[in-house]
Amino acid sequence: MRNARPISARYRLAVLSRSVAAVAGGYGVSVLLAVAVAWTMPLSREEASIVATMIALLGLPIVMMACFYARTAFRAWIGLAIAASLLAGLAFAAGWRP
Amino acid sequence: MTWLHDWAGLIVGWLLFVIALAGTLSVFRSEIGNWMRPEARCCAADSVTAGSAAVHWLGKHAATSPAWYIQPADRRSATSYAVWTAPGGDFAQKWLDPKTGDPATVRDTLGGDFFYRLHFELELPFPWGRVLAGAAAVAMLLALITGIVAHRRFFVDFFTFRAGKGQRSWLDAHNVLAVTALPFHLMIAFTGALTLANLIMPWGASSLYRGDMAAVWKDLYPAAVDRPARHVPAPLAPIAPMLGKAKQFFGSDIAQIAILNPGDAAAVVSVTSGEDQRIGIQRQVISFDGTTGRPIAAHVERRPALRTFNFLYALHTARFGETLTRWLYFVCGLMLTALIGAGLVLWTEKRRAQRQGLGFAIVERLNIAIVAGTPLAFAAFFLANRLLPIDLAQRAATEVRVMFWLWGAILIYAALRPARRAWREILTVTAAACAAIPLTDLITRSMRLDRLHLTVALIALALAAGFVFAARRAGGRRATA
């Protein structure tokens, strides 16, 4: 990505979009991961909260990497949207109300 | 992934370098504290005696405070540590003599706790320092994972070191430091994020408890009795018998004493067990009614998820460790710091032949100020501890100020000098500052020929030698490869 070609505005925009997807979107998805795990774990409330936190913190860097691994920035956003709705749906089914 | 590794690493690299070096020193937080307070003799203190003395002193000097927290002197720490809420609502802290409870006989310094606090609070107001440190931990985890992905010839490169070849050597050094202690780096990044999880990832708990964080704390710490003050004055029952009972209940030493509403009829004394030899497997808490001294709640942590969490937390702080474990943490921490430093230098080496605009210049100068400047600023903190007048007003704060002013001066110096000269000169001064640590210890007559002072002297001299070497390399032939 760092070669002699001048960097186009389009490319810069795509990188910015991915970075926002990774940081803000990635954090959002891992928050929903925490919520989904917390509500679905068959444990006491405090135990489920702790497990959820640990899993969400492991998930966060993986989701962030996935945003950069995706072929285009647009696909990264689509992936985030799918993951977010799946996790939110799961949590909702388990009784979570935002 | 290489691209992500380079940029994610650069953005948090400077912050992580400081956090890693401060964290490495925090491994010997108590020992650095003992070195910085040579007036207090280490370490014959009995935690019950030390705790009682601290409570006695607080009763005289912080009687109106709503809460006291005490870490009694023990076999590692020569002083007791007390923190309480001052009348203005701010926290006040003192390091107390283990026998008399009096802070006046010990010089006013933050000691090793300075590095410990800097490690995760970054001298920023709550909660921003902690949030930033938590984000840095997540970014470090990200940089580690992308680094592993980017580094395809993982094991072949491990046996490769090409010295004196510019960029290639920096890459090899970066790789060797990363791979050798990779399990440590991954562990410390993840557990580091976990220690700040209540700030950066509280959402599982807050959604389950519908935002009632007080209920979360109640469930997490069932033996921490939190009852409001009744505003009826009542003297605190003798503390030593309570501490003795707590010790008996734990079967191990005391780590912390919390006294809520001291001097009130609703006073509560909560004692937490130490982690000696067991990696936080069983965190135990016992609470007493402050006026009668009778136990009112006790808890031995047996819940699996919480034990896992405590285990991971303890893995980060290494408080369970004996001397050997701590030295391993120290060495791995230094490797991590060097790995981050090499990565930062590598970023500029990789791009030196290409664009050299303003962005490049900023990165290069910040690299000098952080990679060479942080060790110098930290060494200056040790020197300030010895050289500032003992009875200086606000001495502890002045030590910190000296360090930050010097850091600022280094940044300006690095921005103005030619880069290579700045590297060489700052590294040379760092070497001199490290060598001066045992010297000032000797000159100020604080030095005792015991293991602590000799170890500090040896480490300082070894670091000085390392910085002399680094300064010579930085000033030697430019290997642009």
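The values are calculated or read from the model by the stated rules, or taken from the named source; none is laboratory data. None of the values given here were measured: they were computed from a predicted structure. No Cβ is skipped: glycine too gets one built from the backbone with ideal geometry, and neighbour counts run over all protein chains shown. Areas reflect the complete protein model, heavy atoms only, side chains present, ligands, DNA and RNA absent. Shrake-Rupley method; radii C 1.70, N 1.55, O 1.52, S 1.80 Å.
Only one of the numbered conditions (1) open to solvent by 40 Å² or more (accessible area, probe 1.4 Å); (2) touching a residue at least 12 places away in the same chain (Cβ under 8 Å) is not met by residue A:85, and that is (2). From the list B:314, B:361, B:342, the one residue that fits, being touching an Asp or Glu at 6+ places or on another chain (Cβ under 8 Å) and small (Gly, Ala, Ser), is B:314. Tell me the residue from B:452, B:427 that is in contact with an Asp or Glu (Cβ under 8 Å, 6 or more places away or on another chain) and open to solvent by less than 50 Å² (accessible area, probe 1.4 Å), please. Result of the check over B:452, B:427: B:452. Every condition in (1) open to solvent by less than 20 Å² (accessible area, probe 1.4 Å); (2) closer than 22 Å to residue B:308 by Cα; (3) not aromatic (Phe, Trp, Tyr) holds for residue B:264 except the one numbered (2). Looking at (1) at pLDDT 90 or above; (2) more than 14 Å from every other protein chain (Cβ to nearest Cβ), which is the only condition residue B:276 fails? The failed condition is (1).
Only a single criterion out of (1) among the aliphatic types (A, V, I, L, M); (2) open to solvent by less than 20 Å² (accessible area, probe 1.4 Å); (3) in contact with a helix residue (DSSP H, G or I) (Cβ under 7 Å, 6 or more places away or on another chain) is not satisfied by residue B:298, namely (2). Taken over region A:20-35, the criterion of being open to solvent by less than 10 Å² (accessible area, probe 1.4 Å), more than 9 Å from chain B (Cβ to nearest Cβ) and not hydrophobic (A, V, I, L, M, F, W, C) is satisfied by A:26 alone.
Does residue B:118 satisfy the condition of being within 28 Å of residue B:379 (Cα to Cα), open to solvent by less than 30 Å² (accessible area, probe 1.4 Å), touching a residue at least 12 places away in the same chain (Cβ under 8 Å) and assigned to a helix (DSSP H, G or I)? So residue B:118 fits the description; yes. Of the residues contained in region B:143-165, none is found to be modelled with pLDDT of 90 or more, open to solvent by less than 50 Å² (accessible area, probe 1.4 Å) and within 21 Å of the chain's Cα centre (by Cα).
Taking the condition of a type outside the set (Asp, Glu), within 14 Å of another protein chain (Cβ to nearest Cβ), open to solvent by 40 Å² or more (accessible area, probe 1.4 Å) and not in a helix (DSSP H, G or I), does residue B:235 pass? The answer is no for residue B:235. Residues in region B:179-214 that are part of a helix (DSSP H, G or I) and more than 22 Å from residue B:313 (Cα to Cα): 4 in all. Restricting attention to region B:171-212, the residues being free of Cβ contacts under 8 Å to residues at least 24 places away in the same chain and away from chain A (no Cβ under 11 Å) number 4. Among the conditions (1) facing chain B (nearest Cβ under 10 Å); (2) over 28 Å from residue B:1 (Cβ atoms), the only one that residue A:90 does not satisfy is (1).
Annotation: residue B:334 fulfils all but one of (1) within 14 Å of chain A (Cβ to nearest Cβ); (2) open to solvent by 60 Å² or more (accessible area, probe 1.4 Å); the unmet one is (1). Taking region B:372-418 as the range and being buried (at least 18 other Cβ atoms within 10 Å of the Cβ), aliphatic (A, V, I, L, M) and more than 18 Å from the chain's Cα centre (by Cα) as the test, the residues that pass are B:372, B:383, B:384, B:402, B:406, B:410, B:414. The single condition among (1) of a type outside the set (Asp, Glu); (2) within 30 Å of residue B:190 (Cα to Cα); (3) assigned to a helix (DSSP H, G or I) that residue B:271 does not meet is (3).
Could you please find all residues in region A:36-76 being of a type in the set (S, T, N, Q), open to solvent by 10 Å² or more (accessible area, probe 1.4 Å) and within 9 Å of chain B (Cβ to nearest Cβ)? Result: A:44, A:53.
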